[in-house]
1. What is the sum of charges, Lys and Arg at +1 and Asp and Glu at -1, for the other residues whose Cβ falls under 13 Å from the Cβ of Leu114?
2. Using +1 on the beta carbon of Lys and Arg, -1 on that of Asp and Glu, and nothing else charged, what's the dipole of the range 1-154 about the Cα centre, debye to 20?
3. Report the gain in length on full extension from Arg138 to Arg232: 0.36 nm times residue separation, minus Cα-Cα distance, nm rounded to one decimal.
4. What do you reckon, how do Ser141, Ser227 stack up by accessible area (1.4 Å probe), largest on top?
5. Using a 1.4 angstrom probe on the protein heavy atoms only, could you order Phe96, Phe206 from most to least accessible area?
6. Using Cα pairs under 8 angstrom and six or more residues apart, how large is the relative contact order of the chain, in percent?
7. Sum up the charges of everything whose Cβ sits under 15 Å from the Cβ of Leu62, counting Lys and Arg as +1 and Asp and Glu as -1, but leave Leu62 out.
8. Where in the range 119-154 does the label zone of His225 land, with the point 7 angstrom along Cα→C-beta and an amide N cut-off under 12 Å?
Amino acid sequence: MKENTEQKFVEQLTMFGISLTEEQLRQFRMFYENLIKWNKVMNLTTITEESDVYSKHFLDSLSIVGMIEPRSFENISVIDIGTGAGFPGLPIAIAFPGAKVTLVDSLQKRVKFLNETIELLGLENVTVFHARAEEFARIESEREKYDIACSRAVARLNILAEYCLPFVKKGGYFIAYKAERLKEEMEEGKKAVEILGGRMDQVISFQLPGTDYNRTLVQVIKERHTSGKYPRKAGTPSKDPLK
């Protein structure tokens, strides 16, 4: 089963233009095993079947190459807001060791899992912070620092934009992972993006290679500095989204 899952994963990644070493495949295997171990005592994911974790978590996380080509991840800084069990940030860190990846999550138990996983995998290009996005963005050294801010969090685009765009440097990108076509979300998100100094750049929808899983990626380019009043205090973006 493991060989078949890994072989299919390798083939799927080839369609994305990504190739992995044996060591990187071992790291994905250890990530999966540790995820399942921790999932028995805390709710990290409802997806536990090996083949599903590889396709719906690992492969899906790496679908960001639909927006940013693989070779661009050398010497690039990425922040994953609301990373949860490490998606999409940890697969990005494994597949692209030249990228510097920062994971942010508000739950201490998940942060503990992430730190253990990073140590287990021997990853030296990942840093984890226990914080809410609204509070972390108040740290001056973190504002407008990153080439890419991404999130697979389940929140509408206008909310995600306020969480993520304050971290993106001018000329960088905010990329949101979405499941379906999202015309209504795009309309309400456009104004929020403009307020925060961004511009809707492109949206692509596709089926993950070798699956029946649909993914939409929304890319926002950062054109102007984000006002210091954003993000607003913790809880406000979700209760009163920018419109």
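1. After counting each charged neighbour, the total is -1.
2. 380 debye
3. Net length gain for the segment: 32.9 nm.
4. Final ranking, largest accessible area leading: Ser141, Ser227.
5. Largest to smallest exposure gives the sequence Phe206, Phe96.
6. Relative contact order comes out at 16 percent.
7. Combined, the nearby Lys, Arg, Asp and Glu give 0.
8. Zone members listed by number: 144.
The values are calculated or read from the model by the stated rules, or taken from the named source; none is laboratory data. Being a predicted model, the structure only gives us computed values, none of them experimental. Reconstructed Cβ throughout: ideal geometry from the backbone, glycine too, with neighbour counts over all protein chains shown. Only protein heavy atoms, including side chains, enter the accessible area calculation; ligands, DNA and RNA are left aside. Shrake-Rupley method; radii C 1.70, N 1.55, O 1.52, S 1.80 Å.
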